[in-house]
Every structure is written in C-alpha cells, then in structure tokens.
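Colleague: One structure, as structure tokens, below. Some questions next.
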Amino acid sequence: MKKLILFVTLLLSMVVSATAFGANKKILVVYFSRAGENYSVGTVSKGSTEIVAEMIAKETGADLFKIEPVSPYPTNYNETVRIARDEKRDNARPKIKNKVNNLKDYDVVFIGYPIWHGDLPMAVYTFFDENDLSGKTIILFSTHEGSGISGTDSAIRDYTKGKVVDNVLSIRGKRVQ
C-alpha cells in the first residue's frame, strides 16, 4: 500500500506541475467502480477504482462523483462479464442515476474507470454523452488486471472536447486491493 500511495503522490505532483492548477482551481474526481466478486482479488466491499478515486480526492481536495448505473451490475463476476460484453457489443449506454451538480464550475476533472474488455465500461460513455467537458483539463486513471490503459486515453481524447493530460495512472486492481 505504501508503494501505491507513493506512486499516486508522484503522479499527482507530475500532473499538478504539468497542468499548473492551483488552489483557486475547482477539482472533481469522477469514477466508475464495482464492488463484489472481482478478477484475481476475490470479493471486495469497495472496488479498486473507488479506492484510487478516494486517494486522489484526499490528496487534491477534490469533490467526488461516482457514476452509478440505474441497474447495478451483479456481484457475481461472470454475470457482470457477460453483461459488460453484451453492452460493449451493442454499444449500449446504460442509464446512470445521478448527475454532477454544477459541472461548469469545475476546472479539472479526474476520470477513473476499470478496463472492461479492453475499453471503458459503457456507463462511462453515458457520462460523457450527458456531460460537456469542453474546456476542462481531464486527467485519467484506470484499474486493470494486465491490460494497462488499453488505448482508452486515445478514445477519451477523441470522444471529449476537454484537454486530456498525457500522464495517465493505470494500476492493477490487485495492487490497489
């Protein structure tokens, strides 16, 4: 855990210096995470991405926003894999039950997500569809079990009108847990 905290702190210091956001900038950490049975870590009460999101919010003084689907994913890993695979195949946009209040007031938006089938969970695309991030500095972080960032930084850069920072934190969920 000490190595993870050191890694996150180092990344944040690089990002802070690269984007030059200071105390007068308003920061939001948006994330999608799933608890329950997870690949290679067993059953968890808090998803890996959520743990990292909370660490980033604590270090930056940011507000937190969790993307929550109207229909939650099952706690069973294999059932979730099947649903996620079908959603990706269908390019689905699962409805999310919550909205960011005053998104226009935020200057910097961290966006965190697990890598599912080499992509973002489709609920994250729903978030992008429903929120205008143009003009915002976007900083990405993801959790995975071997696929790294999986090209999602390019997909997000193409999908949003925000300025996506090149430094991306991508960490194995097993290390986070």
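The values are calculated or read from the model by the stated rules, or taken from the named source; none is laboratory data. The structure displayed is predicted, hence computed values, not measured ones. A quick note on method: Cβ atoms are made from the backbone with ideal geometry, for glycine too, and the neighbour counts reach across all protein chains shown. With ligands, DNA and RNA removed, areas are computed over all heavy atoms of the protein, side chains included. Shrake-Rupley method; radii C 1.70, N 1.55, O 1.52, S 1.80 Å.
Colleague: Which whole-number value in Å² is the accessible area per residue of the chain, probe 1.4 Å?
Modeller: Averaged over the residues of the chain, the accessible area is 51 Å².
Colleague: Sticking with this one: If you rank Tyr113, Tyr39 by how much accessible surface each has, with a 1.4 Å probe, what is the order from largest down?
Modeller: Tyr39, Tyr113
Colleague: Rounded, prolate or oblate: which fits region 138-177, taking a ≥ b ≥ c as square roots of the Cα gyration tensor eigenvalues, rounded meaning a/c under 1.5, else prolate when a/b beats b/c?
Modeller: Cα axes put region 138-177 in the prolate bin.
Colleague: Among the lysines, select those whose C-alpha is under 28 Å from the C-alpha of Lys104, and discard any that sit fewer than 8 residues away in the same chain.
Modeller: Within the straight-line limit of under 28 Å, Lys104 reaches these lysines: Lys25, Lys26, Lys58, Lys66, Lys95, Lys136, Lys161, Lys163.
Colleague: Any idea how far apart Glu130 and Asn76 come out in nm if each label point goes 7 Å out from Cα toward Cβ?
Modeller: 2.7 nm
Colleague: With labels modelled as points extended 7 Å from the Cα through the Cβ direction, what inter-label distance (nm, one decimal) is found for Asn167 paired with Glu145?
Modeller: Once both label points are built, they end up 3.0 nm from each other.
Colleague: What percent does the relative contact order of region 22-154 come to when contacts are Cα pairs within less than 8 Å and at least six residues apart?
Modeller: 28 percent.
Colleague: Compute the angle between helix 48-60 and the longest alpha-carbon principal axis of the chain, please, reported from 0 to 90 degrees and rounded to the nearest 10.
Modeller: Rounded to the nearest ten degrees, it is 10.
Colleague: Measure nothing fancy, just the Cα-based angle from helix 77-89's long axis to the longest principal axis of the chain, in degrees from 0 to 90, nearest 10.
Modeller: Between helix and principal axis, roughly 70 degrees.
Colleague: Here is a follow-up. Compute the acute angle (0 to 90°) between the alpha-carbon long axis of helix 2-19 and the principal axis of greatest extent of the alpha-carbon atoms of the chain; round to the nearest 10°.
Modeller: Its long axis makes an angle of about 50 degrees.
Colleague: Quick one: net charge around Thr137, please, counting Lys, Arg +1 and Asp, Glu -1 for every other residue with C-beta under 13 Å from its C-beta.
Modeller: Summing Lys and Arg as +1 and Asp and Glu as -1 gives +4.
Colleague: Taking the Cα centroid of region 61-129 and of region 152-176, what is the distance between the two, rounded to the nearest whole Å?
Modeller: 14 Å
Colleague: What does the charge count around Thr75 come to, taking other residues whose C-beta lies under 10 Å from its C-beta (Lys +1, Arg +1, Asp -1, Glu -1)?
Modeller: -1
Colleague: Starting from the Cα gyration tensor of the chain, take the square roots of the eigenvalues, sort them a ≥ b ≥ c, and report rounded, prolate or oblate (rounded when a/c is under 1.5, otherwise prolate if a/b is larger than b/c, else oblate).
Modeller: Since a/c reaches 1.5 but b/c is at least a/b, the shape of the chain is classed as oblate.
Colleague: Any idea what the dipole of the chain comes to, in debye rounded to 20, about its Cα centre with Lys/Arg Cβ at +1 and Asp/Glu Cβ at -1?
Modeller: 240 debye
Colleague: Using R₀ = 41 Å, calculate the FRET efficiency as 1/(1 + (r/R₀)^6) where r is the Cβ-Cβ separation of Asn101 and Lys174; round to 0.05.
Modeller: That gives a FRET efficiency of 0.75.
Colleague: Still on this structure: Can you give me the distance in nm between label points at Arg157 and Asp90, each placed 7 Å from the Cα along the Cα-to-Cβ direction?
Modeller: 3.2 nm
Colleague: Hey, got the dipole for region 117-170? About the Cα centre, +1 on K and R Cβ, -1 on D and E Cβ, debye to the nearest 20?
Modeller: Dipole of region 117-170, to the nearest 20 debye: 200 debye.
Colleague: Could you give log10 I(q)/I(0) at q = 0.11, 0.18, 0.20 Å⁻¹ for region 99-177, computed by the Debye formula over C-alpha point scatterers of equal weight, without solvent?
Modeller: -0.27, -0.72, -0.87
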